[in-house]
Amino acid sequence: MAKVLPPVQKNEYYDVVFEDLTHDGAGVAKVEGFPVFVANALPGERAKIKVVKVKKGYGFGRLIELYEQSEHRLDAPCPIYKQCGGCQLQHLSYSGQLHHKHKHVKEVFARIGKVDINQVTVHPTLGMENPWDYRNKAQVPVGEREGGLIAGFYQQRSHEIIDMERCLIQHSINDDVVRGVKEICKQHGIRAYDEQRHKGWLRHIMVRHGYVTKETMLVFITRTHDFPNKKVILSEITKKFPHIKSIVQNVNDKRTNVIFGNETKVLWGSEYIYDYIGNIRFAISARSFYQVNPEQTKVLYEKALEYANLTGEETVIDAYCGIGTISLFLAQKAKHVYGVEIVPEAIEDAKRNASLNGMTNVEFAVGEAEVVIPKWYEQGIEADVIVVDPPRKGCDETLLHTILQMKPKKVVYVSCNPATLARDIAILEQGGYQTKEVQPVDMFPHTMHCEAVASLELINR
Ligand code: SAH
């Protein structure tokens, strides 16, 4: 069979119009239907590109000349935007970003919609009034340059640390603490960890800030157990930052890219800081998972609660419950909530958070949702509403089939990946559910991440 050559060739120039964005924020143009990905290009833009690499079904190009630029194009406000890579969409206006995420969810539904889910109402993305300073957690690698400490981020595709004074999507308090701690440690002769030689001491600094309580936690991730000049360092830090309530040391003595080691000890103050999402109080330890954008988390969970439409009589299952955030939200309005999660430490946090809020109508189990929920079903536990919030790969098919057997009146699907959301919804629709509406919520402004919550109702019993 004659080999079909791609319609583009390496080192050739083409005039193109960009139609879409890839998952990492590059522009997508098609040359005779053949997709070419070009960094820093936006949908609607017309440009000359040079093709630099051709693969089997797609190619990569470089932007040579922009003939027509998008009305949504901006100069990225962050001076280190291109080096960092943490954000992908700062060159697109915020309204352009929200529009793109809305369009993306709709397109994915239409593409994967084997049933009539392309009829589903997808609402415009709920964005933030101020889409900056939103992250409550900073986690920065520490290195050395000319004898001094630097802390910031790894340059894209390298292990070179770039020093950073300010990250525009980070709460400024976290940046202040990182800067202050770096300065104090430098004055007291702290050496940074050296990856190459596996020498030195300070590997990472993590800071977490409670948006509502204004309490801050500082974590030193170090190679060894000792802490040189500990007394003076801690005293200077706590004097400079009175909002710090907890200082913790985590020891990671391995040659690894994984940030945390297994040992964690409190150096000063409390083991936890607290924060609220809505009326619910959470205890957050150094290793706890906690949503990084608390303001939008509240928006997302309130939407999930609205879709669950609880009256106080319902039994609810929260699958993939993490530290029980959604479970506790639902428990305010439900008769009983069962949460299930695979990470044992998260379930310990979930139980602690339930008692912290005096909630007795919720219980948690450790295990795989696709194993535990079928067992519950066998034991006679049947939910009126099931909420799922799986990782990017979506729900396990066994779980979806258990839902189809159990037949809860409602399924509320919280998703961080529209593609697997649409795939799983197609299965639920074939089994008798109808998707009522989908609400994208912007949890991570200026990045490509796209979160959405969908409401499904049982129509064929
Ligand atoms: N609902 C929580 C966490 C959602 S993140 C919140 O909003 O905070 C998805 C969670 O699913 C993670 O905590 C992950 O540990 C968990 N998880 C992954 N695979 C799982 C499985 N098969 N069964 C149960 N939980 C799982």
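The values are calculated or read from the model by the stated rules, or taken from the named source; none is laboratory data. Since the model is a prediction, treat every value here as computed from it, not as a measurement. All Cβ positions, glycine included, derive from the backbone under ideal geometry; neighbour counts span all protein chains shown.
Here is how the numbers come out for the structure above:
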item: Residue count for the stretch 330-352, restricted to those that are touching a residue at least 24 places away in the same chain (Cβ under 8 Å) and more than 22 Å from V385 (Cα to Cα); result: 5
item: Residue that is nearest to the ligand (Cβ to nearest atom) [pool: residues in the stretch 295-337 that are assigned to a helix (DSSP H, G or I) and among the hydroxyl-bearing types (S, T, Y)]; result: T325
item: Which numbered condition S70 misses (of (1) surrounded by fewer than 16 Cβ atoms within 10 Å (Cβ to Cβ); (2) under 27 Å from P131 (Cα atoms)); result: (1)
item: Condition check for L305: of a type in the set (A, V, I, L, M, F, W, C) and without any contact (Cβ under 8 Å) to a residue 40 or more places away in the chain; result: yes
item: Any pair with Cβ under 7 angstrom, 6 or more apart, that starts in the stretch 408-425 at a residue that is farther than 21 Å from N460 by Cα and ends at one that is more than 16 Å from the ligand (Cβ to nearest atom); result: P418/H104; P418/V105; P418/V108; A419/V108; A419/I112
item: All positions within the stretch 281-294 that are away from the ligand (no atom under 12 Å from the Cβ) and either modelled with pLDDT under 95 or of a type in the set (A, V, I, L, M, F, W, C) (or both); result: A283, S285, A286, R287
item: Search result, residues across the stretch 179-215 that are of a type in the set (A, V, I, L, M), out of contact with any Asp or Glu (no Cβ under 9 Å at 6 or more places or on another chain) and under 23 Å from P294 (Cβ atoms); result: V181, I205, M206
item: Near pairs, Cβ below 6 angstrom, 6+ apart or cross-chain, from the stretch 443-461 (of a type in the set (V, I, T)) to any residue that is part of a strand (DSSP E or B); result: V453/V414; V453/Q439; I459/Q434
item: Residue in the stretch 384-394 that is farthest from the ligand (Cβ to nearest atom), counting only those that are closer than 13 Å to V340 by Cα and touching a strand residue (DSSP E or B) at 6+ places or on another chain (Cβ under 6 Å); result: I386
item: Some residue of the stretch 354-374 being outside any strand (DSSP E or B), within 16 Å of the ligand (Cβ to nearest atom), β-branched (V, I, T) and under 19 Å from I326 (Cβ atoms); result: yes
item: Residue list for the stretch 421-453, restricted to those being under 19 Å from S93 (Cβ atoms) and aromatic (F, W, Y); result: F444
item: Which numbered condition Y81 fails, given (1) out of contact with any helix residue (DSSP H, G or I) (no Cβ under 6 Å at 6 or more places or on another chain); (2) in contact (Cβ under 8 Å) with a residue 12 or more places away in the chain; (3) closer than 19 Å to I162 by Cβ; result: (2)
item: Residue count for the stretch 338-353, restricted to those that are within 12 Å of the ligand (Cβ to nearest atom), within 19 Å of E302 (Cα to Cα) and assigned to a strand (DSSP E or B); result: 1
item: Test: residue in the stretch 197-213 that is under 14 Å from G269 (Cα atoms) and small (G, A, S); result: no
item: Checklist (1) under 20 Å from T125 (Cα atoms); (2) within 12 Å of the ligand (Cβ to nearest atom); (3) in a loop (DSSP other than H, G, I, E, B) applied to Y413, failing item; result: (3)
item: Enumeration of residues in the stretch 109-159 that are outside any strand (DSSP E or B), within 30 Å of I425 (Cβ to Cβ) and modelled with pLDDT under 95; result: F109, A110, R111, I112, G113, K114, V115, D116, I117, N118, Q119, V120
item: Pick from the stretch 310-347, criterion of a type in the set (S, T, N, Q) and either touching a strand residue (DSSP E or B) at 6+ places or on another chain (Cβ under 7 Å) or under 17 Å from G367 (Cα atoms) (or both), ranking: surrounded by the fewest Cβ atoms within 10 Å (Cβ to Cβ); result: T315
item: Sole residue being in a loop (DSSP other than H, G, I, E, B), more than 14 Å from the ligand (Cβ to nearest atom), more than 30 Å from V441 (Cβ to Cβ) and of a type outside the set (S, T, N, Q), chosen from K254, K239; result: K254
item: Top-ranked residue in the stretch 132-161 [being among the small types (G, A, S) and in contact with a helix residue (DSSP H, G or I) (Cβ under 6 Å, 6 or more places away or on another chain); ranked as nearest to G189 (Cα to Cα)]; result: G148
item: Filter result (surrounded by 17 or more Cβ atoms within 10 Å (Cβ to Cβ) and within 16 Å of the ligand (Cβ to nearest atom)) within the stretch 395-410; result: C395, D396, L399, L400, T402, I403
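Each row is one residue, and each column tells you yes or no for (1) part of a strand (DSSP E or B); (2) in contact with a Gly (Cβ under 9 Å, 6 or more places away or on another chain); (3) modelled with pLDDT of 95 or more.
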| position | (1), (2), (3) |
| --- | --- |
| K3 | no, no, no |
| V17 | yes, yes, yes |
| V28 | yes, no, yes |
| A41 | no, yes, yes |
| A47 | yes, yes, yes |
| L63 | yes, yes, yes |
| P77 | no, no, yes |
